[in-house]
Amino acid sequence: MKEIRKIVRQVLSESFLNENLNNATEEEQLAAVNGEHSGYLIRNIDNPSEEVQLAAVKFNGYAIKYIKNPTEAVQLAAVENNRNAIKHIDNPSEAVQLAATKKDDYLIRHIDNPTTKVKSHLKAKADLARWMKED
């Protein structure tokens with residue numbers, strides 16, 4: 001049964017690959033972006049609803065690359081799916097910065113203007129790690 005679902009999803013996403021999804025209903029847009037590789041199909045939608053954006057990034061965090069001005073909720077969902085999605089978010093909020101750097105300290109290098117709280121969090125983490133090594 002899982003194989004059949006996988007094949008149906010693949011056929012659905014392939015049928016949408018070269019289509020402009022702007023005239024599709026929201027339900028059709030959701031069907032198009034739901035799937036491991038289908039998240040990228042959001043690039044064929046000019047102004048996707050937040051629900052469609054969330055569906056896309058929950059399946060593929062990198063889909064955020066094709067979303068103009070994503071909400072904080074969409075940014076957080078993208079980073080939850082794939083911490084490296086932070087690379088494709090312009091001016092992430094402090095909550096998004098913290099979510100990404102809590103998963104991987106080194107992601108701070110992809111944040112142009114990390115907030116003071118994010119810097120303090122990472123410094124405290126580094127100090128704690130140094131202190132623990134001294135024992």
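What about I108, is it modelled with pLDDT under 90 and over 30 Å from I4 (Cβ atoms)? Spelling it out, I108 is indeed modelled with pLDDT under 90 and over 30 Å from I4 (Cβ atoms).
The set of residues in the range 83-109 being more than 14 Å from H121 (Cβ to Cβ), of a type in the set (A, V, I, L, M, F, W, C) and in a helix (DSSP H, G or I) consists of A85, I86. Among the conditions (1) at pLDDT 90 or above; (2) out of contact with any Pro (no Cβ under 6 Å at 6 or more places or on another chain); (3) crowded, with 18+ Cβ neighbours inside 10 Å, G35 misses just one, which is (1).
One line per residue, one yes/no per condition, for (1) modelled with pLDDT of 90 or more; (2) out of contact with any His (no Cβ under 9 Å at 6 or more places or on another chain); (3) of a type in the set (G, A, S); (4) closer than 23 Å to V79 by Cβ:
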{"position": "I4", "(1), (2), (3), (4)": "no, yes, no, no"}
{"position": "V11", "(1), (2), (3), (4)": "no, yes, no, no"}
{"position": "S15", "(1), (2), (3), (4)": "no, yes, yes, no"}
{"position": "E19", "(1), (2), (3), (4)": "no, yes, no, no"}
{"position": "Y40", "(1), (2), (3), (4)": "no, yes, no, yes"}
{"position": "I45", "(1), (2), (3), (4)": "yes, yes, no, yes"}
{"position": "Q53", "(1), (2), (3), (4)": "yes, yes, no, yes"}
{"position": "Y62", "(1), (2), (3), (4)": "yes, no, no, yes"}
{"position": "K65", "(1), (2), (3), (4)": "yes, no, no, yes"}
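The values are calculated or read from the model by the stated rules, or taken from the named source; none is laboratory data. Since the model is a prediction, treat every value here as computed from it, not as a measurement. Positions of Cβ are generated from backbone atoms using ideal geometry, with glycine treated the same way; all protein chains shown enter the neighbour counts.
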